[in-house]
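Input: a single structure, listed below in structure tokens.
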Amino acid sequence: MPVITNIEDLRMLAQKRVPRMFYDYADSGSWTEGTYRANQADFQKILLRQRVAVNMANRSTATKMVGVDVKMPVALAPVGLTGMQHADGEILAARAAEKFGVPFTLSTMSICSIEDIRENTTAPFWFQLYWMRDRDFMERLMARAKAAGCPALVLTLDLQVIGQRHKDLKNGLTAPPKPTLANIFNLMTKPRWCLGMAGTPRHTFRNLVGHAKGVSDMSSLGAWTREQFDPRLDWNDVAWIRQRWGGKLILKGIMDLEDAKLAADSGADALVVSNHGGRQLDGAPSSIAALPAIADAVGSRIEVWMDGGIRSGQDVLKAWALGARGTLIGRAFAYGLGAMGEAGVSAALEIIHQELDLTMAFCGHTRLTDVDRRILLPGTARG
Ligand SMILES: Cc1cc2nc3c(=O)[nH]c(=O)nc-3n(C[C@H](O)[C@H](O)[C@H](O)COP(=O)(O)O)c2cc1C
């Protein structure tokens, strides 16, 4: 067993343990993957100012996200098919988040259902919704999330049409999946993963199968999802969701200043500056490059968060310095899950927390509320 000291170690272990089609599904972006790479690369260009001989004792990274106490400004992002990185993946990730003290967000396109998470965890979790043609079904999903005690809904705005990921097509990762000979051979090299899957009944999209009209198996599910993502989504629909939901509303997928202003006008509680982890519009800027202008323009009217490319606590601190009052991590926890199940997600959170805490100290601060752009070397970050 390798010694795990950073998120890259978890990624490498996940690559060994997770079947290629599911590892590639997580570790890829759309088309040239330019935006996917920029999400991480642009964090590296931002430099921190080291300060010395200031009292660094008694530090805390605690804050609130939409009123929820969090041990650090990080929540687990909605990640579809999490239960294919590891058997019962969503339950395990939610448990790790609960133990650590940050929120878990369940994707509409998860393997474990809303009810699975409710029955197997105790902390309130968040639910992510895609806008679909079948409004009855969306209302029922929201009602199920409410019944499970979800205090916040994450409405994803940037996936009404779907970016192409070459690897998924080549690997046959479609609904229904097209198992190639290469995939079957690859599965045979992942006994730990296969054993886990053999021990759980959760193998399909359990929020949908048996709940959406006419969806009973993988092949009817494929047809249903292709027709359900509704390209007509507009701001009136966002208002409709806000009114129906009634709880905290988080709008995810904002990259443009004009959209950020509309999001603030919508009365939502938070917006997430996000390019969907580089999986949608290839050629868009990185999220961290888009963040400062948006935070400056609307940060006083709506909580501004960001995601995309976070692989360390240094990244979380840089995002905070540029105005993000919360962040989401996607791949960082998905790699942990694929590598070691619940213990891997816990490791990802502990690693990021320790890096955040120490980096804040190196920059001369003991609490996040005192951290702002002055910790960044001038000229190395936009905004
Ligand atoms: C494998 C994978 C599946 C995803 N599925 C969803 C999803 O179902 N809903 C959603 O809103 N975002 C989804 N996202 C986007 C994440 O919520 C988040 O925006 C992104 O992962 C952040 O970038 P990072 O992975 O670099 O942290 C997915 C991302 C990945 C990597």
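The values are calculated or read from the model by the stated rules, or taken from the named source; none is laboratory data. Note that the structure is a prediction, hence the values are computed from the model and not measured. Positions of Cβ are generated from backbone atoms using ideal geometry, with glycine treated the same way; all protein chains shown enter the neighbour counts.
Observations on the model:
Residue-by-condition table, conditions (1) within 17 Å of the chain's Cα centre (by Cα); (2) among the hydroxyl-bearing types (Ser, Thr, Tyr):
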| residue | (1), (2) |
| --- | --- |
| Phe333 | yes, no |
| Gly336 | yes, no |
| Met340 | no, no |
| Val345 | yes, no |
| Thr366 | no, yes |
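- The residue of the range 97-138 that is nearest to the ligand (Cβ to nearest atom), among those that are closer than 24 Å to Leu13 by Cα and more than 15 Å from the chain's Cα centre (by Cα), is Ile111.
- Counted residues, the range 156-170 - those being farther than 27 Å from Trp126 by Cα and out of contact with any Phe, Trp or Tyr (no Cβ under 8 Å at 6 or more places or on another chain): 2
- Residue within the range 69-80 that is farther than 25 Å from Thr369 by Cβ and acidic (Asp, Glu) present: no
- Look at the range 269-297: where a residue is within 14 Å of Gly34 (Cα to Cα) and a partner is among the aromatic types (Phe, Trp, Tyr), sitting 6+ places away or on another chain with Cβ atoms under 6 Å, you get Gly278/Tyr36; Asp282/Trp31.
- Evaluating Asp230 against the criteria (1) surrounded by 17 or more Cβ atoms within 10 Å (Cβ to Cβ); (2) within 16 Å of the ligand (Cβ to nearest atom) leaves one unmet condition, (1).
- Taking the range 283-374 and the helices (runs of 4 or more DSSP H) fully enclosed by it, the elements with 1 or more residues that are out of contact with any helix residue (DSSP H, G or I) (no Cβ under 9 Å at 6 or more places or on another chain), away from the ligand (no atom under 13 Å from the Cβ) and among the charged types (D, E, K, R) are at 287-298.
- Matching helices (runs of 4 or more DSSP H) fully within the range 45-154 where at least 2 residues are farther than 22 Å from Gln314 by Cα, of a type in the set (Lys, Arg) and touching a helix residue (DSSP H, G or I) at 6+ places or on another chain (Cβ under 9 Å): 89-100, 135-147
- Tallying residues that are part of a loop (DSSP other than H, G, I, E, B), over 17 Å from the mean Cα position of the chain (by Cα) and either within 11 Å of the ligand (Cβ to nearest atom) or at pLDDT 95 or above (or both) within the range 1-44 yields 9.
- Evaluated against (1) within 16 Å of the ligand (Cβ to nearest atom); (2) touching a strand residue (DSSP E or B) at 6+ places or on another chain (Cβ under 6 Å), Met84 falls short on exactly one condition, (2).
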